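Trainee: Take a look at this one; I'll ask things after.
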Amino acid sequence: MIFTVTTSPSLDLLMETAGPVQTGKTLRAVHEELRPGGKGINISIMLKHLGITSTALGFVAGFSGDELMRLTMAEGIQTGFIRVRRGRTRINLRLKEQGAGPLEATRVNGLGPSVSPDDINYLVRKVSALSAGDYLVLAGTVPPSLPQDIYSTFFKALQDKGAQVIVDAPPELLHAVLNYRPFLVKPNLEELKSFLNQDLSTTEEISAAAHRLQQEGAQNVLVSMGSFGALFLDSAGHTHVIRAPGGIAIDKIGAGDSMVAGFIAEYIKTGDLKQAALLAVAAGSATALARGIASAQAVDEMRSQMEN
């Protein structure tokens, strides 16, 4: 079974306006969309599109938490969210002028709920129930309302349980968990640069950086590089440079999450690490070319354009 953890999930409200976003002006939306948000939830959605069942874990609260759970279940995802008493699930607003590119959006991220020690212990107990054959995906940042070492707490809860852990997190969180030997880490290129505090401009330099993560404990390393594809270092020490199929990005939100889902989906079906990395790039590319998380058909189309 696959479990994804999103410590601070959100409702993402996307609004397009007819004119430019200006301070002090009243704007009228010409298009709006409400999506369940958070890296772990995005991963669960793509897994579902690829025919793989997963359970989404995290904390929810208030009316926005109710809507988040409704939207998540409507996607066909099993939920194990923990309802907390104070605050509400955060609502993130993204505003952009109609026709503008994804990088031109104005973003406002909301505040999450207040989480108690009892709530945290309850989630840790859920995680500790995983066993051999299970996968746990830890994705995204940890909000200020939670202990910043909570990812390490999850790893400790799984010691000797046999479950595999995948981490897609910022450098400061990745540093803390590499010694627990995660099955896969997926930094993007900017995160890898920040992790090592150095510039990485050539394939050789990126490969050496991936080897550094492996030396520090990661079993497999998948470095996402946007339109250039990815570099994958497998557990046997083999480096694979994977070129992304062509296309013009529409919205890159969720592309990295789709990569993680693509990797898991292929690996649990075939056990082939290289093929898993190839499907990861196909899934990430498909989502970058779509509104929202891409369909399985779009992923298959991207994969057909790639070499084996």
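Trainee: Be a star and scan segment 1-33 for residues whose amide nitrogen sits under 18 Å from the point 7 Å along the Cα-to-Cβ vector of Ile52.
Mentor: Output list for this probe position: 1-6.
Trainee: Tell me the net charge near Asn308. Cut-off is 13 Å between Cβ atoms, Asn308 excluded, with +1 for each Lys or Arg and -1 for each Asp or Glu.
Mentor: Summing Lys and Arg as +1 and Asp and Glu as -1 gives 0.
Trainee: Shifting gears a bit: What nm value, rounded to one decimal, do you get for the distance between Arg86 and Phe228 when each label is placed 7 Å out toward the C-beta?
Mentor: Inter-label distance under the simple model: 4.6 nm.
Trainee: I want to check the label-to-label distance for Gln98 and Gln275. Put each point 7 Å from Cα in the C-beta direction and report it in nm to one decimal.
Mentor: Between Gln98 and Gln275, the simple spin-label model gives 4.6 nm.
Trainee: Determine the alpha carbon to alpha carbon distance for each of Lys156/Lys269; Lys193/Lys274; Lys48/Lys126; Lys48/Lys186; Lys96/Lys274 and list only those over 31 Å.
Mentor: Lys96/Lys274
Trainee: How long is the gain from Tyr122 to Thr106 if the chain were fully straight, where each residue apart is worth 0.36 nm and the alpha carbon distance is subtracted?
Mentor: Here the answer is 2.2 nm.
Trainee: Sticking with this structure for a sec: Rounded to the nearest 0.05, what FRET efficiency is calculated for Gln198 and Gln159 with R0 set to 35 Å and r the Cβ-Cβ distance?
Mentor: About 0.60, to the nearest 0.05.
Trainee: With label points built 7 Å along Cα→Cβ from the Cα atoms of His240 and Ala129, find their separation and express it in nm.
Mentor: Distance between label points: 3.4 nm.
Trainee: In addition: Shape of the chain from its Cα gyration tensor (a ≥ b ≥ c, root eigenvalues): rounded if a/c is under 1.5, otherwise prolate when a/b > b/c, or oblate?
Mentor: It comes out oblate by the Cα gyration axes.
Trainee: If you keep only loop residues by DSSP, which trypsin sites (Lys or Arg not before Pro) in segment 230-308 have at most 16 other Cβ atoms within 10 Å of their Cβ?
Mentor: Arg243, Lys252, Arg291
Trainee: I've got another one for you. Taking the dipole about the Cα centre of the chain, with the C-beta of Lys and Arg at +1 and of Asp and Glu at -1, give me whichever of Leu95, Val165, Ala255 is farthest to the positive side.
Mentor: Leu95
Trainee: Just subtract the alpha-carbon distance of Met1 and Asn308 from 0.36 nm times their residue separation and send over the number in nm, one decimal.
Mentor: Residue separation times 0.36 nm, minus the Cα-Cα distance, leaves 107.8 nm.
Trainee: Here is a follow-up. So how strong a dipole does the chain carry about its Cα centre when Lys and Arg Cβ are +1 and Asp and Glu Cβ are -1, to the nearest 20 debye?
Mentor: That gives a dipole near 760 debye.
Bear in mind these aren't lab numbers, they're just calculated from the coordinates by the rules spelled out. These numbers come from a predicted model, not from an experiment. We place every Cβ from the backbone using ideal geometry, glycine too, and count neighbours over all the protein chains shown.
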